[in-house]
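The values are calculated or read from the model by the stated rules, or taken from the named source; none is laboratory data. Not measured: the values here are computed from a predicted model. Neighbour counts are summed over all protein chains in view; Cβ atoms, including those assigned to glycine, are modelled from backbone coordinates with ideal geometry. Ligands, DNA and RNA are excluded from the accessible area calculation, which covers all protein heavy atoms including side chains. Shrake-Rupley method; radii C 1.70, N 1.55, O 1.52, S 1.80 Å.
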Amino acid sequence: MNAGAWSPSLEQDEKNVIQRKVPPVTAKAMEGCGLINRRQNYQFEWSYGDLKMVTRLIASSKDVESAFGIIARHLKTLELSLMSVVFCDLEGENPSIRPYRDMPGVLGSLANEFYEIGGCPIIKEARRLQQPFDALSINKNDYPSFLEKRFFAELTKLGHRRILVIPIALGRGLCNLVIGTGNRTITPEFQTELFNSVGQTFSATLSTFPEVAKLFETKVLSTLQAEILFLVSIGTDIQEIGRVMNLGTNTIDQLTRDAQKKLGANNLPHAIARAIAFGEISNTNIGQANQL
């Protein structure tokens with residue numbers, strides 16, 4: 001991942017935001033920036049200018065991990081803690097990816113254990129709900145195993161009033177940002193603005209690192225179409241494909257034509273090339289199959 005060199009001046013800008021004692025932006029000033037309307041009487045301490053600075057810093061970061069580190073440091077100015085960022089497959093077919101984590105050792109170790117068994121309760125709830133929720137409000141009866149009970153016990157020990165989980169759709173996957181609120185009281189209005197601000201900074205991250213959006217792209221081909229193209233790509237003839245997949249030659253021919261149409265391919269070799277390029281079938285698997 002390459003987003004250009006880190007600028008010392010931007011780094012200093014960031015230090016200025018974090019270290020200075022900035023008075024909360026007044027509702028009137030925020031109203032002028034379009035951040036809130038006249039009916040709202042709360043204060044949200046990230047000004048429009050601060051958000052612009054955050055997105056500029058993200059655009060200058062060297063990798064995705066650094067970008068989420070910038071978001072974490074700016075959340076601290078709101079007395080909030082970015083505990084974790086997890087990319088997960090909605091269907092649980094692919095392992096989760098965790099580019100950022102700031103959790104105590106015990107929780108970190110537990111997260112590693114859950115990684116081997118399909119994800120912790122937070123990730124499972126995010127897949128199920130696909131909308132923001134409080135991790136401390138999860139129904140623990142749904143997670144009765146010893147490991148899960150220990151996870152909730154350690155989560156409670158952190159002392160946060162709430163642990164907000166913000167799932168953001170990403171193709172056929174989710175990016176889950178887990179934010180601890182400390183002792184801060186979170187009003188519904190504050191929460192709405194927080195979600196909006198996190199959404200803006202995440203959009204800036206995607207703009208800087210577009211490859212992130214490809215982690216869990218929506219698949220174009222059906223499973224059968226992908227399997228047929230894979231078998232053709234390693235030299236399997238139609239008759240053998242029919243025997244292996246229990247399909248007739250007419251069905252295979254129809255599925256192949258449909259796959260070519262979905263991929264916008266001119267012919268079968270072109271369809272295979274595009275399927276590999278789009279991640280519909282794996283180059284690695286093809287190489288391994290050729291060695292059999």
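Ranked by the mean number of other Cβ atoms within 10 Å per residue, highest first, peptides 114-124, 130-140 order as 114-124, 130-140.
Solvent-accessible area assigned to carbon and sulfur over the stretch 132-245 amounts to 53 percent, based on a 1.4 Å probe.
Taking 0.36 nm per residue of separation and subtracting the current Cα-Cα distance, fully stretching the chain between Arg184 and Asp253 would add 18.7 nm.
Starting from the eigenvalues of the Cα gyration tensor, five times each then square-rooted, give me the equivalent ellipsoid semi-axes of the stretch 74-161, largest first, whole Å. Intermediate results must be reported in sequence, preceding the final value.
Numbers: eigenvalues 75, 53, 39 Å².
The three semi-axes for the stretch 74-161 are 19, 16, 14 Å.
Calculated on the alpha-carbon coordinates, the convex hull of the stretch 134-188 measures out at 101 cubic angstrom per residue. Please list the three semi-axes, largest first and in whole Å, of the ellipsoid equivalent to the stretch 182-274, using sqrt of 5 times the eigenvalues of its alpha carbon gyration tensor. Those come to 46, 15, 11 Å.
As an exercise, find the ratio Rg/Rh for the stretch 51-200 from alpha-carbon atoms, using the Kirkwood inverse-distance average for Rh. If you can, show how the numbers build up before the last one.
Values: Rg = 15.0 Å, Rh = 15.9 Å.
Result: Rg/Rh = 0.94.
Which part of the stretch 148-173 falls in the paramagnetic zone of Lys140, meaning amide N under 18 Å from the point 7 Å along Cα-to-beta-carbon? It comes to 148-164, nothing else.
Here, the stretch 157-213 is characterised by an Rg to Rh ratio of 1.04, where Rg is the alpha-carbon radius of gyration and Rh the Kirkwood radius. Once the chain from Ser109 to Ala169 is taken as fully extended at 0.36 nm per residue, the excess over their C-alpha distance is 18.9 nm. Applying 0.36 nm per residue to the separation of Glu91 and Ser203 and subtracting their alpha-carbon distance, the gain on full extension is 38.0 nm. Using a simple spin-label model with pseudo-atoms 7 Å out from Cα toward Cβ, Asn267 and Gln239 lie 2.4 nm apart. Taking GluC sites (Glu not before Pro) across the stretch 206-261, the ones in a DSSP loop with at most 15 further Cβ atoms lying within 10 angstrom of their Cβ are Glu217.
According to the square roots a ≥ b ≥ c of the eigenvalues of the Cα gyration tensor, what is the shape class of the stretch 69-114, taking rounded for a/c under 1.5, prolate for a/b larger than b/c otherwise, and oblate for the remainder?
Values: a/c = 3.26, a/b = 1.60, b/c = 2.04.
It comes out oblate by the Cα gyration axes.
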